[in-house]
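Everything on this sheet refers to the single structure shown next.
The values are calculated or read from the model by the stated rules, or taken from the named source; none is laboratory data. Everything numeric here is computed off the predicted structure, so don't read it as measured data. Here the Cβ positions follow ideal geometry from the backbone for every residue, glycine too, while neighbour counts run over all protein chains shown.
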Amino acid sequence: MFKKEVYIERRKKLKEKLKGGLILFLGNTESACNYTDNAYHFRQDSTFTYFFGLDIPGLAGLIDLDSGKEYLFGTDFSIDDIIWMGPQPKIVELAAEIGVKNTEVLTQLGNYLRNAKNQNRNIHVLPFYRGDSIIQFSNFLEISHAEAEDYESLELIKAVVDLRSIKDQHEVEELIKASAIGYKMHTTAMKMAKPGIYEQEIAGTVEGIALAHGGMLSFPIILSQNGETLHNHYHGNMLQEGKLMLTDTGAETSMHYASDHTRTVPVGGKFSQKQKDIYNIVLEANNHAISLIKPDVPYRDIHLESAKIIAQGLTDLGIMKGNVEDAVRDGAHAMFMPHGLGHMMGMDVHDMEGLGEDHVGYDNEFKRATQFGLRGLRLGRRLQEGFVITTEPGIYFIPDLIKKWKTENINAKYINFDKVLDEYVDFGGIRLEDDILVTETGAQIIGKRIPITVEEVEETMKS
Ligand code: GLY
Ligand code: MN
């Protein structure tokens, strides 16, 4: 945990942003996997952690905006709990660690909320993303599950997004730690990528590195020799010479700050010329994107500039054709890169996505596009100093998508479908992803950059 002053200051800033009523932050509860006592690994809610710091199930934080009082709700361990899980500080002791003066047993929370409701006071909550939280909140207020959503507060969402979007020095230090774990995970995966090994052997080893550093994965590992499937969680294939292995993975530190990197490497350690040609386009798209990052630049523009590098590179190889600017305007490159350039990152790997992607990545000036490809861009608005974002361009040859576009004549004036189908249909996919801090004047890669050039990757795989 950070020092208690960090949490006191964060709550103070939040209070200044909202007008009145109560703010409720429900911490997460244990979540059953296959029976109640066999729970998934506990993961605290990120916004609860941001303002109340405590990484323990069954807590709630309440802020009364009118009186200024802050409360921690929880339940002291009984002797049965202590026998099962060991001793635990009392709720008053936990509250002291985060500078909260008032405590109550969790069962009293319903009284507080119902009293506020009866007095027609606003109760602000963030969007619910777990069924358990909806049930808990509905029970406290004695309302239906559908009615619970009426309490989701746009005013609170905007205030939280404003605060969490800007990472301070302490947070950046945690992100650097997460990146260092990611470095080990990726270089280990590279060294293991030999023909004959199963993807799951590498995926399991990589996940073990995250766990061995006291945290966990920041999202389920994507590791596949079929990297053209963007979120491929199937790890049952044996690696084959000539294939590319795409690994998109990251760690969370014990304080839940994330890393999220992607590297794509040739099984066996040597890129073919054909692989190098595509790889270097993706690398240039990534480097170019990073070079454009600075405060006040709309991330949508950087996405489109990066897309132009991809379209130009594919045109130079005879895979695309025609005018590159027009091709990108019409979204033709999106057959090869159907996703966005990147997203915010912090305590959630897609930071604050639980609050609503458009509240995080878009604003009054930038609305999400409807065009295929561009609509997948999670962050479109202007960058600010202190944002932490990813850059993750890719080129994928997705057989079903290629066949669909050819059959339906989509963007046919920009794509040499016959060449794609004859020469690249079984190529796979390449994505390269880095984590970036927006600085006062530009961009800084978080931590030491994981080997990324063809030479660096081949050298790492040799060792
Ligand atoms: N790296 C996983 C994702 O951004 O979806
Ligand atoms: Mn990512």
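Hydrophobic (A, V, I, L, M, F, W, C) and either in contact with a Lys or Arg (Cβ under 6 Å, 6 or more places away or on another chain) or away from ligand 1 (no atom under 16 Å from the Cβ) (or both) - does that describe any residue in region 231-239? Checked region 231-239: at least one residue is hydrophobic (A, V, I, L, M, F, W, C) and either in contact with a Lys or Arg (Cβ under 6 Å, 6 or more places away or on another chain) or away from ligand 1 (no atom under 16 Å from the Cβ) (or both).
Among the residues of region 320-334, not a single one is within 16 Å of ligand 1 (Cβ to nearest atom), farther than 21 Å from Ala178 by Cβ and in contact (Cβ under 8 Å) with a residue 12 or more places away in the chain.
Quick grid of which residues meet (1) assigned to a helix (DSSP H, G or I); (2) of a type in the set (Phe, Trp, Tyr); (3) in contact with a Cys (Cβ under 9 Å, 6 or more places away or on another chain); (4) more than 16 Å from ligand 2 (Cβ to nearest atom):
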site: Val328; (1), (2), (3), (4): yes, no, no, yes
site: Leu341; (1), (2), (3), (4): no, no, no, no
site: Met347; (1), (2), (3), (4): no, no, no, no
site: His350; (1), (2), (3), (4): no, no, no, no
site: His359; (1), (2), (3), (4): yes, no, no, yes
site: Asn364; (1), (2), (3), (4): no, no, no, yes
site: Lys367; (1), (2), (3), (4): no, no, no, yes
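The residues of region 207-221 that are assigned to a loop (DSSP other than H, G, I, E, B) and within 16 Å of ligand 2 (Cβ to nearest atom), listed by number, are Ser218, Phe219, Pro220, Ile221. Within region 369-408, the set of residues being within 16 Å of ligand 2 (Cβ to nearest atom), hydrophobic (A, V, I, L, M, F, W, C) and under 19 Å from Val160 (Cα atoms) comprises Leu379, Phe387, Val388, Ile389. A single member of Gly110, Gly99 is at positive phi and surrounded by 13 or more Cβ atoms within 10 Å (Cβ to Cβ), and it is Gly99.
Just a yes or no: is a residue in region 412-427 in a strand (DSSP E or B), closer than 16 Å to Ile281 by Cβ and within 20 Å of the chain's Cα centre (by Cα)?
There is no residue in region 412-427 that is in a strand (DSSP E or B), closer than 16 Å to Ile281 by Cβ and within 20 Å of the chain's Cα centre (by Cα).
One residue stands out among those in region 225-234 that are touching a residue at least 40 places away in the same chain (Cβ under 8 Å) and away from ligand 2 (no atom under 16 Å from the Cβ): the one that is surrounded by the fewest Cβ atoms within 10 Å (Cβ to Cβ), which is Asn226. Taken over region 240-259, the residue count meeting the criterion of being farther than 30 Å from Gln273 by Cβ and within 11 Å of ligand 1 (Cβ to nearest atom) is 3. All of Ser272, Ser291, Ser306 fail the test of being under 27 Å from Ser218 (Cβ atoms), modelled with pLDDT of 95 or more and surrounded by fewer than 16 Cβ atoms within 10 Å (Cβ to Cβ), apart from Ser291. Note on region 385-417: residues that are closer than 27 Å to Gly346 by Cβ, of a type in the set (D, E, K, R) and either in contact with a helix residue (DSSP H, G or I) (Cβ under 6 Å, 6 or more places away or on another chain) or within 16 Å of ligand 1 (Cβ to nearest atom) (or both) amount to 1.
Yes or no, residue by residue, for (1) of a type outside the set (Gly, Ala, Ser); (2) more than 16 Å from ligand 2 (Cβ to nearest atom); (3) surrounded by fewer than 22 Cβ atoms within 10 Å (Cβ to Cβ):
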position	(1), (2), (3)
Asp168	yes, yes, yes
Gly182	no, no, no
Leu223	yes, no, no
Gly236	no, yes, yes
Thr247	yes, no, no
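Does region 249-262 hold any residues that are among the small types (Gly, Ala, Ser) and away from ligand 2 (no atom under 16 Å from the Cβ), and which are they?
Across region 249-262, the qualifying residue is only Ser254.
Of all the numbered requirements in (1) buried (at least 21 other Cβ atoms within 10 Å of the Cβ); (2) out of contact with any Pro (no Cβ under 9 Å at 6 or more places or on another chain); (3) of a type outside the set (Asp, Glu); (4) not in a loop (DSSP other than H, G, I, E, B), His256 misses one, and that requirement is (4).
Against the conditions (1) within 16 Å of ligand 1 (Cβ to nearest atom); (2) surrounded by fewer than 19 Cβ atoms within 10 Å (Cβ to Cβ); (3) more than 25 Å from Ser179 (Cα to Cα), Gly373 satisfies every one except (2).
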